1. In whole Å, largest first, what are the principal axis extents of the Cα atoms in region 54-116?
2. Specify the residue with the greatest mean-square fluctuation among 154, 71, 26, computed from a Gaussian network of the chain linking alpha-carbon atoms under 10 Å apart.
3. How far is it, in nm, from the label point at residue 129 to the one at residue 374 when both lie 7 Å from their Cα along the line to the Cβ?
4. Quick one: divide the alpha-carbon radius of gyration of region 195-257 by 2.2 N^0.38 Å and tell me what you get.
5. Which distance in nm do the two modelled labels at residue 32 and residue 146 give, with both placed 7 Å along the Cα-to-Cβ direction?
6. Sorted from largest down, give the three principal axis spans of the alpha carbons of the chain, whole angstrom values.
7. Once the piece of chain linking residue 244 and residue 261 is laid out straight, how much longer is it, given 0.36 nm per residue of separation minus the C-alpha distance between them?
8. Expressed in nm to one decimal, what extension gain is obtained for the pair residue 104 and residue 207 from 0.36 nm per residue of sequence separation less their Cα-Cα distance?
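Derivation of every value follows stated rules applied to the coordinates shown; laboratory data play no part. Bear in mind the structure is a predicted one, so any value in this text is a computation, not a measurement. Using ideal geometry, Cβ is built from the backbone for each residue, glycine included, and neighbour counts are taken over all protein chains shown.
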């Protein structure tokens, strides 16, 4: 009888299918984790290999099933000695050593996966004095406590930079569109929560405050690139662009609504309307109120950005807004707008305003209009 041919290692690897790369990766990870857990300063060593520990914990159950199936098949089919049998033996042995090391540090029985998760909970994110040279690693550690945090920060920073990283020139149309701004507004709540959580994590981990100070300092400068922003860099990137967005929006609104000052609650709707108004002369602030009329009136009296659509209703619409805004007579912003118009009138109003909104001949200061409506009562 002819001797039965022994399968090659390549053939045996094909029998393992997807288990082969999983077991090889696990063997490598075990070799890094076991010495860390056996070391005298095992807590710091575990922090340094926390990414590996997380992956081992995540795949532990899958690795156990794969080892059991492959080992049983190897015995039944009498797989010969070689690389594949060595892989199974090494992985089984190392997994046992890892479980023993985990249980010793945990001081109770537990699987490798369950035990590693428990140990990581004991050492990661624990408040401590962080040395200057360890701040980056400590920040990375703190931000990885929630797996969803870094992706959320990266998305938020990228979305802000995509909109507010474009050049903007005074007197020009805005460099982004209403749909783009709406998408950003929808992402704002998640992004704000991620920023708040990220700073809370890095503040908590270092009792000296050094980690937070270092990252706050870095967040004052524009990041060189947004690609692949991860770890502390994702937090710094999102923080910088959140501040830049606030500054950009503040500058835009100050220019387009001067001298009226918007409240924080009014800013999103006002910017949304500005974007719509540039393309549509019939766009209106949704709120039917004297305040909305005052804002739209202030906007129409500013220098028109290049290419803005003509106002639907023209002079008649401006007069209607002035009459409605006079319902706020005595209000601080109402006074600002009236006094601004008075100043223009005293300096030859006719040449200071766009042609549609001239009030007529210059007037002596003593006879200056008292109400907004009075500025638009003439034929111009």
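1. 39, 18, 17
2. Result for the chain, Cα springs under 10 Å: 71 fluctuates most.
3. Once both label points are built, they end up 7.1 nm from each other.
4. Details: Rg = 13.9 Å, N = 63, 2.2 N^0.38 = 10.6 Å.
Here the Cα radius of gyration is 1.31 times the empirical estimate.
5. 2.6 nm
6. On the principal axes, the chain reaches 119, 55, 33 Å in Cα extent.
7. Details: separation 17, 0.36 × 17 = 6.12 nm, distance 1.97 nm.
Taking residue 244 through residue 261 to full extension adds about 4.2 nm, to one decimal.
8. Numbers: separation 103, 0.36 × 103 = 37.08 nm, distance 2.92 nm.
Length gained, residue 104 through residue 207: 34.2 nm.
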